[in-house]
């Protein structure tokens, strides 16, 4: 009888500890949404060191016209001013987590200058994140422009 009581107490402590740990730390979904928003802020503020940290070295992005870029090409384009974003609002963000991998989808509304031309665009995007060395990094991105009415 004592063994059963002790076993139930141990199980209760374990589950109680797990519940407490979950309420004290942000969920993976919240963490990835936060990273997506920080990424948008870094683009606006031209904080390239932040982009360098969250974008994996083997990152590939596919732009709205089907162009494929590496991490270095994307950051260089921003540094040289070929792409300048003056407003970037994210919404409709959804996160699906698969262990140490996650897929994040959403919509962005951008005011941007691309090679000297001003645009107001909306995009649907998909980002693929992998947890590498204890931190999340984006390994792939795909954007599709939403046609304006």
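The values are calculated or read from the model by the stated rules, or taken from the named source; none is laboratory data. Bear in mind that the values here come from a model prediction, so they are computed numbers and not experimental data. Don't worry about glycine lacking a Cβ; one is built from the backbone with ideal geometry, like all the others, and counts go over all protein chains shown.
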* **Conditions (1) more than 24 Å from residue 132 (Cβ to Cβ); (2) over 17 Å from the mean Cα position of the chain (by Cα); number of the one not met by residue 92** => (2)
* To do: Return the only residue of 128, 113 being free of Cβ contacts under 8 Å to residues at least 40 places away in the same chain and farther than 19 Å from residue 41 by Cβ.
  => 128
* **The one condition in (1) in a loop (DSSP other than H, G, I, E, B); (2) modelled with pLDDT under 90; (3) over 20 Å from the mean Cα position of the chain (by Cα) that residue 26 fails to fulfil** => (3)
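May I ask you to verify whether residue 79 is over 20 Å from the mean Cα position of the chain (by Cα) and within 18 Å of residue 52 (Cα to Cα)?
Against the criterion (over 20 Å from the mean Cα position of the chain (by Cα) and within 18 Å of residue 52 (Cα to Cα)), residue 79 qualifies.
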* Return yes or no: is residue 87 within 23 Å of residue 33 (Cβ to Cβ), surrounded by fewer than 13 Cβ atoms within 10 Å (Cβ to Cβ) and in contact (Cβ under 8 Å) with a residue 40 or more places away in the chain? => yes
* To do: From (1) at pLDDT 55 or above; (2) in a helix (DSSP H, G or I); (3) under 22 Å from the mean Cα position of the chain (by Cα), pick out the condition that doesn't hold for residue 12.
  => (3)
* Asked: Residue check, residue 73 against (1) in contact (Cβ under 8 Å) with a residue 60 or more places away in the chain; (2) in a helix (DSSP H, G or I), all met but one. Which one?
  -> (1)
* To do: Determine, yes or no, whether residue 126 is out of contact with any helix residue (DSSP H, G or I) (no Cβ under 9 Å at 6 or more places or on another chain) and either surrounded by 13 or more Cβ atoms within 10 Å (Cβ to Cβ) or within 22 Å of residue 58 (Cβ to Cβ) (or both).
  => yes
* Report yes if some residue within segment 41-57 is modelled with pLDDT of 95 or more, surrounded by 12 or more Cβ atoms within 10 Å (Cβ to Cβ), in a strand (DSSP E or B) and in contact with a strand residue (DSSP E or B) (Cβ under 6 Å, 6 or more places away or on another chain); otherwise report no. => yes
* **Count of segment 94-121 residues which are assigned to a strand (DSSP E or B) and exposed (fewer than 14 other Cβ atoms within 10 Å of the Cβ)** => 8
